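The values are calculated or read from the model by the stated rules, or taken from the named source; none is laboratory data. Treat the numbers as computed from the prediction; the structure is a model and nothing was measured. A quick note on method: Cβ atoms are made from the backbone with ideal geometry, for glycine too, and the neighbour counts reach across all protein chains shown. These accessible areas exclude ligands, DNA and RNA; they are computed on the full protein's heavy atoms, side chains included. Shrake-Rupley method; radii C 1.70, N 1.55, O 1.52, S 1.80 Å.
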Amino acid sequence: MERLNEGGQCRLTLVAAPAGFGKTTLLSEWAAGLGRPLAWLSLDAAESDPARFVEALVAALQTVAGEIGADVARALQSSPPPPTDAVLAALLEQIAQLPHPVVLVLDDYHRVDAEQVDAALLFVLEHLPPTLHLVMATREDPQLPLARWRAQGQLTELRAADLRFTATEAAAFLNRVMGLGLSAADITTLEHRTEGWIAGLQLAALSMRGREDLPEFIQRFAGDHRYVVDYLAEEVLRRQPEPLRQFLLQTAVLERLTGPLCDAVTGQTTGNARLAALERSNAFVVALDDQRRWYRYHHLFGEVLLVHLKAEHPDQVAGLHLRASAWYEQQGLPADAVRHALAGHHLERAADLIELAVPALRRDRQEATVLGWLRLLPDEVVRRRPVLSVYYAGALLMGGEIQAAQARLHDAERWLHPAADPGARVVVDEQEFRGLAGSIAIYRAGIALSQGDLTGTVRFARQVLELAQEDDDLRRGSAAGFLAIVSWRTGDLEAAHRSYTGCMTWLQRAGYLPDAIGCAAALAQIRQMQGRLREAALTYGRGLTLAASSGPSPLRGAADMHVGLSEIHRESGDLSAAAQDLRNSAALGEFAGLPPHPARWRVALARLRETTGDLDGALELLAEAERVYISDLLPDFRPLSALRARVWVLQGRLEEALGWARDRQLSVDDELTSLREFEHITLARILLAQGTTDAAAQVLPEARALLARLLPEAQNGGRTGSVIEILMLQALAEHRQGGLPAALLLAGALERAEPEGYVRLFLDEGSPLRALLTAVSQQPQVSDSARRYARRLLTADHTQAPRPPQPRPSLETLSERELEVLRRLGSELDGPALARELRVSLNTLRTHTKNIYSKLGVNSRRSAVRRAEELGLL
């Protein structure tokens, strides 16, 4: 107990010992007296899937921290799912905001067998906030850098040697707890032969209950742990009344136990009474809820039961799984029904269940679960099932397995051939089979789009519309979505908007509300590109209404609506509302990886930081966004690298910005497309920034020529948002070059911007544009609306405009101690380890770090190191 209490100062407390050494019991007793919130997660093989592991992690934390991480489970249902590190980073951010520290116990971690889960746990431990301490119980050492943490003093360990019962403890257990009244000699013999292994002692005690020949039994009892388990388990089972013994064996196939389920499997009616009696007798059952409705066997005991079942009644195993599968199916729990069908090798039944379960799972974006099931079915079972083959193709396509998806579509398609034998195929969902040709065409459209074949995408999408019935809302909506993406990519924004409107209507009618909300986000983004900010805001609002329509918990996608509103509020100059939008999004918790882009929340916050002058913070957020970014089928009109280049321009880092342009192979003579328009406007900004240097004579004409080419392209495409920015940049270029009256160009931008409320686009240009706004406000040749809007911008709040660069710190600015701390900030050491190395308290280290951040004008370790390197301080 003392060791566990002391472990709170370390990164990890590890309780590692073989089965039956009392790891869980120890931690349970410690947890009961801890006096602070503790979340408990009992793991099994199902959590070897990283997504399932994270979902279980969140569920455990929610028992002590309310709705924390509610976004994460929903984020993992998106397709494709976001990177595990990105989801965990978002979860850790929320944990860091908790008002009190929390302990998280991972029990039976050895049951998880996946390198991806080990990597996820390592990410958590390497980024552990001070509000979380991790405790692990496992039979095997995890694949973690234990040696390094041990050397750093960041690991508390309890091993088998610590958990073995001494002779005194064995006597207390056998005589006081189990009431056996053994002699000191008998206890010493048992303690020696079990080597203090409490599971062996407990099984021995159960075997000795009611025996009169205890000394003889103890003398005959010998063997290592494995033989002890086999021997004593046999003794326990053999001494049970036959009805109870058969109950134990028959229910060994169940991972969880409840009375009605046990009755269905055993054919009896005493399930609830049996489970209650087993719990009262300490017979290796563990209650899973406070109502005592669900239980499980102690893992070790359950394993022994299953071994004996297979040895004694191998012919019963498949039938027991079949009964469990049927019960779960009747209870409306298809996932458990499928699992037992697969475990019992009832493959045809499993295939039937999967075919019926997929529509609901697909609606909840659980293609990964479907794919895992289908991979367990033999090829011959799937190939004669056309509906299942199409589902398989869709799950493979979502996972990026294009060739495998095409093969499954071919398997399904052959059943549509007139020569196909109807008697050889298996169809459970007849309605889905009637729409099979349309489903195949949908996935062929998806494959074509993923391969950049826009013509093929349109051909297959139109084929779907020709094949689908009038009331086939899902297929019609899917086809309209593909047509919308193609129109969007090719720059036809109005056609894209019409198609997405139809897509949203059809999907909403089909019950696919999260996907309909995704359509709302796309519709709003299209309006933003068209410069119609007010209509975009209304569309985001409609998306929020739809997200809230299903009940008290908003649907997946609601957070993206708040992010979109944040972008519009920021542009309109209402920075407090923009920040509140992002807080609302974070509160909903869906910003960690949901459509259209998992990085969008971070990009919006980066733009807000940029607007308020925190350029280093903006770059850090853009770097995070780049790390969690997932490419999808939607066009990327604002690449993250271009946004970063724009911040570099604001920082005066023109060489890096020019390097970006070279890497992207951008030039003023490129063929112009809507897809790369943002990048070319960024290039124009870089050239204009260069125009303030000695190279002005060369680059300013290039910038002017590029902007002159971009303007008609944006106008013809109806991309008014770009038109406004281009006109403004042209005005700045002409002002420097002394060409066409710049005020007239700026007036054209203002006339388009005023109805939609553009503000920050102009204010963020700073003093050069302010002079032009003054000229417009006094220019009689421009329209009244332009003059009026120029005056409004001149009187707008400029206090939130980007601040000027911080003065360059010198070596004298930082104290010797601060320099010593600064030199170590680039290491992998966390705060406590760094404090120990410097031989200062953690509070002193925090004071030094705060001073360093303030003097360098940064807000993180990474930024401090980078800034110090730029200044030659390192």
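Annotations
- When Tyr297 is tested against (1) within 36 Å of the chain's Cα centre (by Cα); (2) surrounded by fewer than 19 Cβ atoms within 10 Å (Cβ to Cβ); (3) not charged (D, E, K, R), exactly one condition is not met: (2).
- Residue that is at pLDDT below 85 and closer than 15 Å to Leu727 by Cα, where the choices are Pro805, Pro741: Pro741
- Pairs with Cβ under 6 Å, 6+ apart, first in the stretch 88-107 and farther than 18 Å from Ala51 by Cα, second open to solvent by less than 20 Å² (accessible area, probe 1.4 Å) and basic (Lys, Arg): none
- Given (1) at pLDDT 95 or above; (2) of a type outside the set (S, T, N, Q); (3) more than 22 Å from Arg600 (Cβ to Cβ), number of the condition Gly481 does not satisfy: (3)
- Test: residue in the stretch 811-818 that is over 40 Å from the mean Cα position of the chain (by Cα), modelled with pLDDT of 90 or more and of a type outside the set (Lys, Arg): no
- Residues satisfying the stated conditions in the stretch 140-183, i.e. closer than 21 Å to Thr25 by Cβ and of a type in the set (Ser, Thr, Tyr): Thr156, Thr166, Thr168
- All conditions but one from (1) surrounded by fewer than 20 Cβ atoms within 10 Å (Cβ to Cβ); (2) more than 21 Å from Asp472 (Cβ to Cβ) apply to Gln366; the one that does not is (1).
Yes/no per residue for (1) open to solvent by less than 60 Å² (accessible area, probe 1.4 Å); (2) modelled with pLDDT under 90:
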| position | (1), (2) |
| --- | --- |
| Ala70 | yes, yes |
| Leu76 | yes, yes |
| Pro80 | yes, yes |
| Ala86 | yes, yes |
| Tyr109 | yes, no |
| Gln116 | no, yes |
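- Residue pairs meeting the criteria (Cβ under 7 Å; at least 6 apart or on separate chains; first touching a residue at least 24 places away in the same chain (Cβ under 8 Å), in the stretch 613-628; second among the hydroxyl-bearing types (Ser, Thr, Tyr) and open to solvent by 10 Å² or more (accessible area, probe 1.4 Å)): Glu620/Ser860
- Restricted to helices (runs of 4 or more DSSP H) entirely inside the stretch 392-504, those with at least 1 residues that are open to solvent by 50 Å² or more (accessible area, probe 1.4 Å) and under 23 Å from Thr673 (Cβ atoms) are 436-450, 454-467, 473-489.
- Residues of the stretch 690-722 that are hydrophobic (A, V, I, L, M, F, W, C) and either at pLDDT 95 or above or under 27 Å from Glu754 (Cβ atoms) (or both): Ala703, Leu706, Leu707, Ala708, Leu710, Leu711, Ala714.
- Subset tally (residues that are assigned to a helix (DSSP H, G or I) and open to solvent by less than 30 Å² (accessible area, probe 1.4 Å)) for the stretch 9-31: 4
- Selection count where residues are part of a helix (DSSP H, G or I) and touching a residue at least 60 places away in the same chain (Cβ under 8 Å), scope the stretch 710-724: 5
- Across the stretch 166-197, the number of residues qualifying as in a loop (DSSP other than H, G, I, E, B), open to solvent by less than 50 Å² (accessible area, probe 1.4 Å) and under 14 Å from Gly20 (Cβ atoms) comes to 2.
- Note on the stretch 207-259: residues that are under 16 Å from Tyr297 (Cα atoms), at pLDDT 70 or above and part of a helix (DSSP H, G or I) amount to 12.
- Within the stretch 506-524, the set of residues being modelled with pLDDT of 95 or more and open to solvent by 40 Å² or more (accessible area, probe 1.4 Å) comprises Trp506 only.
- From the list Pro37, Pro50, the one residue that fits, being surrounded by 15 or more Cβ atoms within 10 Å (Cβ to Cβ), touching a residue at least 12 places away in the same chain (Cβ under 8 Å), under 22 Å from Pro130 (Cβ atoms) and within 28 Å of the chain's Cα centre (by Cα), is Pro37.
- Contact map, the stretch 645-656: residues that are without any contact (Cβ under 8 Å) to a residue 60 or more places away in the chain and open to solvent by 50 Å² or more (accessible area, probe 1.4 Å) paired with residues that are in a helix (DSSP H, G or I) and not basic (Lys, Arg), Cβ distance under 9 Å, separation 6+ or inter-chain. Pairs shown: Glu655/Trp648; Glu656/Ala645; Glu656/Trp648.
- Residue count, the stretch 704-750 (criterion: of a type in the set (S, T, N, Q) and either in contact with a strand residue (DSSP E or B) (Cβ under 6 Å, 6 or more places away or on another chain) or closer than 19 Å to Leu666 by Cβ (or both)): 2
- Enumeration of residues in the stretch 370-384 that are surrounded by 21 or more Cβ atoms within 10 Å (Cβ to Cβ) and either more than 25 Å from Ala420 (Cβ to Cβ) or β-branched (Val, Ile, Thr) (or both): Val370, Trp373, Val382
- The set of residues in the stretch 94-107 that are farther than 16 Å from Gly8 by Cβ and buried (at least 16 other Cβ atoms within 10 Å of the Cβ) comprises Gln94, Asp107.
Conditions (1) touching a Lys or Arg at 6+ places or on another chain (Cβ under 9 Å); (2) open to solvent by less than 30 Å² (accessible area, probe 1.4 Å); (3) at negative phi, marked per residue:
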position: Leu309; (1), (2), (3): no, yes, yes
position: Leu322; (1), (2), (3): yes, no, yes
position: Ser325; (1), (2), (3): yes, yes, yes
position: Gln331; (1), (2), (3): no, no, yes
position: Ala341; (1), (2), (3): yes, yes, yes
position: Leu356; (1), (2), (3): no, no, yes
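- Check on Arg349, surrounded by 22 or more Cβ atoms within 10 Å (Cβ to Cβ), closer than 25 Å to Ala420 by Cβ and either under 26 Å from the mean Cα position of the chain (by Cα) or basic (Lys, Arg) (or both): no
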